[in-house]
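*Asks:* Mind looking over this structure? Questions follow.
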Amino acid sequence: MADNFLPYHVPSIGPQEIAAVSAALESHWITAGPRVQEFQKAFRAFVGSEHALAVDSCTAGLHVVLAALGIGPGDEVIVPDMTFCATANVVMHVQAKPVIADVTRDTYHIDPAAIERSITPKTKAIIPVHYGGQLCDMDAIMDIAQRHRLFVIEDSAHTIGVKYRGRMVGTIGNATVFSFYATKNLTTAEGGMITTDDDDLAEKIRILTLHGISKDAWKRYSAQGTWYYEVVAEGFKYNMTDLEAALGLVQLRRLPEFMARRRRLAERFNAGLKDVRGIRIPATLPYNDHGWHLYVVEINEQVCGVSRDRFIEAMREHGIGTSVHFIPLHRHPLYRNKLGVKPEQFQRSEEIYQRIVSLPLYPAMRDEDADRVISAVQETLGT
Ligand SMILES: *Cc1c(COP(=O)(O)O)cnc(C)c1O
């Protein structure tokens with residue numbers, strides 16, 4: 001193993017982030033306070049949505065949106081096979097049933113035709129996942145949703161600041177949920193944001209995010225507030241803290257710089273890898289921006305004689321960390337046992353899963369790091 005290991009991910013936390021968190025600590029507002037309010041306001045302006053509600057993770061955000069929409073026992077929610085487990089688990093958290101749909105072969109997005117096939121009288125919502133950094137075909141999905149009167153809750157863990165046919169993510173479906181987990185394009189360590197244009201839904205989410213209390217902590221304890229509150233719903237403890245919001249405010253200002261750097265690195269990878277035998281560089285959609293959250297290549301063993309698993313090992317020997325996004329839902333014992341899903345039902349995601357590898361791509365990487373990844377791939381695949 002090389003001693004200068006290039007990790008799969010390193011967050012971009014600099015002096016500005018450290019100063020902002022220190023200032024928050026010194027202000028004595030360490031949990032939900034003025035910085036959360038400010039971050040929500042800045043995020044709303046950035047996305048162009050009516051509301052932005054901060055939560056402590058994307059998972060919490062998805063859960064609270066489902067709860068606020070009244071989705072519960074007996075209901076079904078359609079999710080893609082190629083996603084992180086959180087997308088399906090939140091459906092189970094409200095005692096509804098996730099119905100797993102296969103994905104498109106090129107971009108690993110939920111397939112609109114598979115959504116149509118999965119709809120039953122019990123279907124209440126669709127959770128499209130904007131895999132890797134490109135938005136799903138939202139026109140097709142919104143059209144299906146309108147015809148069948150379904151809610152659309154977008155899992156935008158990978159697509160902050162990305163547009164679909166000129167429309168900013170966070171302004172399309174009924175609600176959109178972002179992740180600020182350590183590995184995401186903008187991080188608050190842990191955190192998330194829900195955007196929506198629906199005033200009623202926003203109010204329900206606001207209440208459910210903090211114990212079902214009808215006023216938030218900031219208003220309660222600030223000068224304009226009072227000691228009185230009422231619990232009006234079975235809420236959760238899902239609020240963001242001011243320490244996280246302090247990080248988020250700095251990261252949001254730096255986002256254009258991060259996005260530009262990701263794009264440059266992706267272009268470098270594309271140029272260096274497109275002619276390597278047995279590899280497929282990421283497919284890009286003409287109507288979309290790409291946020292380049294992930295850089296996912298496919299290794300075709302039939303062509304290059306190297307399996308995906310062997311490829312990952314070889315990259316590690318070259319001192320390069322990689323990852324796999326994702327092990328499809330249908331492969332996990334939980335969904336197999338609870339939902340009775342079988343690999344034959346997911347031919348595309350099964351084939352995708354056999355081949356995919358995520359290469360390291362993050363703003364802290366230098367051009368030399370990208371070139372090192374390219375050389376390691378070329379050596380591993382023998383070109
Ligand atoms: C990271 C991720 C999540 C979960 O985000 P958290 O903020 O960690 O809860 C959900 N969906 C997808 C597709 C993700 O990649």
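*Asks:* Does segment 286-294 include one or more residues that are modelled with pLDDT under 95 and surrounded by fewer than 16 Cβ atoms within 10 Å (Cβ to Cβ)?
*Replies:* yes
*Asks:* Something else now. One residue is enough: does segment 267-279 have a residue meeting the conditions open to solvent by less than 40 Å² (accessible area, probe 1.4 Å) and on the phi > 0 side of the Ramachandran plot?
*Replies:* Looking for residues that are open to solvent by less than 40 Å² (accessible area, probe 1.4 Å) and on the phi > 0 side of the Ramachandran plot, one finds at least one in segment 267-279, hence yes.
*Asks:* Identify the single condition in (1) among the aliphatic types (A, V, I, L, M); (2) away from the ligand (no atom under 16 Å from the Cβ); (3) in contact (Cβ under 8 Å) with a residue 60 or more places away in the chain that Ala182 does not satisfy, given that it satisfies every other one.
*Replies:* (2)
*Asks:* Still on this model: Can you go through Ile78, Ile126, Ile115 and tell me which one is closer than 29 Å to Ser323 by Cα and away from the ligand (no atom under 16 Å from the Cβ)?
*Replies:* Exactly one residue qualifies, and that residue is Ile115.
*Asks:* Shifting gears a bit: Pairs, please: C-beta under 6 Å, at least 6 apart or cross-chain, first residue farther than 11 Å from Gly173 by Cβ and in segment 144-158, second within 15 Å of the ligand (Cβ to nearest atom)?
*Replies:* Cβ pairs passing all conditions: Ala157/Cys58; Ala157/Ser179; His158/His130; His158/Gly132; His158/Gly133; His158/His293.
*Asks:* Can you tell me how many residues within segment 98-131 are charged (D, E, K, R) and surrounded by fewer than 20 Cβ atoms within 10 Å (Cβ to Cβ)?
*Replies:* Matching residues across segment 98-131 total 5.
*Asks:* A further question follows. Confirm whether Thr187 is open to solvent by 20 Å² or more (accessible area, probe 1.4 Å), in contact (Cβ under 8 Å) with a residue 12 or more places away in the chain and within 15 Å of the ligand (Cβ to nearest atom).
*Replies:* no
*Asks:* Of the conditions (1) outside any helix (DSSP H, G or I); (2) open to solvent by less than 30 Å² (accessible area, probe 1.4 Å); (3) within 14 Å of the ligand (Cβ to nearest atom), Ala52 clears all except one; give me its number.
*Replies:* Failed condition: (3).
The values are calculated or read from the model by the stated rules, or taken from the named source; none is laboratory data. Just so you know, these numbers come straight off a predicted model, no measurement behind them. With ideal geometry, Cβ positions are generated from the backbone for all residues, glycine too; neighbour counts draw on all protein chains shown. Note: accessible area is taken over every heavy atom of the protein model, side chains too, but ligands, DNA and RNA are not part of it. Shrake-Rupley method; radii C 1.70, N 1.55, O 1.52, S 1.80 Å.
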